[in-house]
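The values are calculated or read from the model by the stated rules, or taken from the named source; none is laboratory data. Nothing here was measured: the structure is a model prediction, and the numbers come from that model. Positions of Cβ are backbone-derived with ideal geometry, glycine not excepted, and every protein chain shown enters the neighbour counts. Note: areas computed on protein heavy atoms with side chains; ligands, DNA, RNA excluded. Shrake-Rupley method; radii C 1.70, N 1.55, O 1.52, S 1.80 Å.
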Amino acid sequence: MKQFAPAKINLYLHVVGRRPDGFHDLDMLMVPISLGDTLEIDLIPQGIEFTCSDPTLSDAGDNLATKAARLFLAEFNLTTGVRIHLEKKVPVGAGLGGGSSDAAAVLLALRQLTKTGASDAKLAELAAQLGSDVPFFIYQRPAICRGRGEIIEPVKLKDSYRGLLVHPGFGVATPWAYKSYAQNPRPGESGRAFPDFTLRNDLEPPAFSKYPWLPAAKAWFQKQPEVLDALMSGSGSSVFALTGSEEAVEPLRSRFLAEFGSTLFATAFSIEAPEK
Ligand code: C5P
């Protein structure tokens, strides 16, 4: 079966404090966006098979998607095998939750394929064993995420949003970003207040001090007439700009590519309008 695995962006990410287990307590608003990977997941007689459109990921036998499959089979004492093909569209190491969403997609698909009547809460519990951001993708809805990121409170946004999402071609390692934050804890700059959130990312200061491309891209976006405001997503290295209209995105994208390099990743995205 086919399973869509949406990427996420963080509209705010506040670090609340450091925990005894070395993780950080967070308060963040995460939203699934229109960009995402697609997985083809099928049951086979035995074994875990994995292929990927990105050859650099194909040989990684131990990625989060195959870990998710193994965890699911072990939890429910299933002897079936699983074949996964991943069409990778979401940049890796980008603060977009691509790998986490792929893992959640495997859990969601296997629940359906094996007719295991696990609740969302049970799947989210398994998801939390795979990574802090994985439970969010079980629900695939805008949510305030607390704790490590695994305590999920779905929320209804008042507005829909659209914009441009860019990636510089290098990644930021999440463990490094949190470690660097812990050495010099300070809040990120508060941006524009929208009806549903005020933009802010506390991982911007560490990431911005190591990677000058990131504040340069954000500052450039903030000077463009179409842009309401811009922010880095997660631990980076993606930056997104919110625009007032959908028509504004394409001219902004063209100018961004002309300014920063035509081979960079730059894609329009939207955050689903809520059901009225
Ligand atoms: O849970 P995940 O594997 O995504 O976390 C990667 C790393 O990011 C952790 O090992 C930890 O160093 C850091 N992290 C953190 N606090 C969180 C989430 C992640 O310090 N809430």
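In the full protein assembly as shown, how much of VAL16 is accessible to a 1.4 Å probe, in Å² to the nearest 10?
It works out to around 100 Å².
Rounded to the nearest 10 degrees, what's the angle between the helix 98-113 long axis and the longest principal axis of the chain, both from Cα atoms, 0 to 90?
30
Please tell me which of these pairs span more than 18 angstrom C-alpha to C-alpha: LYS179/LYS218; LYS8/LYS156; LYS2/LYS88; LYS2/LYS115; LYS158/LYS218?
LYS179/LYS218; LYS158/LYS218
To the nearest 10 degrees, how steep is helix 249-260 against the longest Cα principal axis of the chain, on a 0 to 90 scale?
The angle comes out near 80 degrees.
Can you give the % of DSSP beta bridges in segment 1-127 that are antiparallel, to the nearest 5?
80
Order the peptides 138-144, 178-184 from the highest to the lowest mean number of other Cβ atoms within 10 Å of their residues.
Order by mean packing, descending: 138-144, 178-184.
Give the carbon-plus-sulfur fraction of the accessible surface of the chain in %, rounded to a whole number; probe 1.4 Å, heavy atoms of protein chains only.
The value for the chain is 52 percent carbon and sulfur by accessible area.
Find the all-direction average of the projected area of the Cα convex hull for the chain, expressing the result in square nanometres with one decimal place.
14.7
Can you list the HN-Hα couplings for segment 29-40, worked out from phi with the Karplus curve (6.51, -1.76, 1.60; θ = phi - 60°), rounded to whole Hz and with x for Gly and Pro?
Going residue by residue, I get 9, 10, 10, x, 10, 5, 6, x, 8, 10, 10, 10 Hz, with x marking Gly and Pro.
Treat every Asp and Glu Cβ in segment 101-214 as -1 and every Lys and Arg Cβ as +1, leave all other atoms uncharged, and give the resulting dipole magnitude about the Cα centre to the nearest 20 debye.
For this selection, approximately 80 debye.
With angles folded into 0 to 90 degrees, how steeply does helix 120-130 sit against the dominant principal axis of the chain? Use alpha carbons for both and round to 10.
That helix lies at roughly 80 degrees to the long axis.
In whole percent, what relative contact order does segment 1-85 give with Cα contacts below 8 Å and a gap of six or more residues?
Relative contact order, segment 1-85: 32 percent.
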